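Student: Sharing a structure below in structure tokens format, with a few things to ask.
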Amino acid sequence: MQIPGKILGVTMIVLGFVLALALGFFAGRMFGMKVAVDGDAMAPAIESGAAVRMNRLIYKISSPRRMDIIVFNMGQNDADRYYVRRVVGLPGETVQIIDGTLYIDEEPLEFEYNTEYIEDAGLAQEAVVLGLDEYFVIGDNYNQCEDSRSSSIGNVTRDQIVGKAG
């Protein structure tokens, strides 16, 4: 039995459409997702309540770079809570905050997004030497947030990083 050409053509179009939808859904779930930002840690760049798109694939093929905005969690007890912060210290570097200025390997790091004095050096009052899989993160609104300077967060390890916000 032979299927008429028009029926075959329509069937192929519908099948192609369904396949494209399924592929789009799979790609969205696998490579990206939206994360709601809770708090003003990244203000004014990212306001509280905003949803940011996260690329979950990028750090499977590359490493976070300085000034990347990353999404991470703090472990199994906190698996559903995501934090959004900016990477300032990379593996193997030494981070320290002296007189309100953040230093990386004894060189001052200038922020384009916030020029305020860092009021609380926290853990970075003393030199923090990052391990081979550790990153030092800080919020853009660094005088109003918790980040790697606080013992509740500390250095972020590579396996805690879920993706790149963007």
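The values are calculated or read from the model by the stated rules, or taken from the named source; none is laboratory data. Since this is a predicted model, take the numbers as computed values, not measurements. We place every Cβ from the backbone using ideal geometry, glycine too, and count neighbours over all the protein chains shown. The area values use the complete protein model at the heavy-atom level, side chains included, leaving out ligands, DNA and RNA. Shrake-Rupley method; radii C 1.70, N 1.55, O 1.52, S 1.80 Å.
Student: With charges set only on the Cβ (+1 for Lys and Arg, -1 for Asp and Glu), what does the dipole of segment 123-166 come to about its Cα centre, in debye to the nearest 20?
Tutor: On the way: 3 positive and 7 negative charges, 19 e Å.
I would put it at about 100 debye.
Student: Just name one of TYR117, GLN96, TYR135: the one whose Cα is farthest towards the positive end of the charge dipole of segment 52-135 (beta-carbon charges, Lys/Arg +1, Asp/Glu -1).
Tutor: Value computed over the given set: TYR135.
Student: At a 1.4 Å probe, what is the % contribution of carbon and sulfur to the accessible area of segment 102-166? Don't jump to the answer; show the numbers that get you there.
Tutor: Working: 1540 of 3570 Å².
Using a 1.4 Å probe with all protein chains present, segment 102-166 comes out at 43 percent carbon and sulfur.
Student: Let me spell out the model: positive unit charges on the Cβ of Lys and Arg, negative unit charges on the Cβ of Asp and Glu, origin at the Cα centre of segment 61-166. What dipole size does that give, in debye rounded to 20? Write out the running numbers ahead of the final one.
Tutor: Values: 8 positive and 20 negative charges, 95 e Å.
Dipole of segment 61-166, to the nearest 20 debye: 460 debye.
Student: Pull up the cross-link candidates among the lysines for LYS60, meaning alpha carbon to alpha carbon under 22 Å and not fewer than 8 places away within one chain.
Tutor: Straight-distance partners of LYS60: LYS34, LYS164.
Student: Work out the P(r) tail for segment 97-164: percent of alpha carbon pairs separated by more than 15 Å, whole number. Don't jump to the answer; show the numbers that get you there.
Tutor: Details: 1208 of 2278 pairs.
In whole percent, the long-distance tail amounts to 53.
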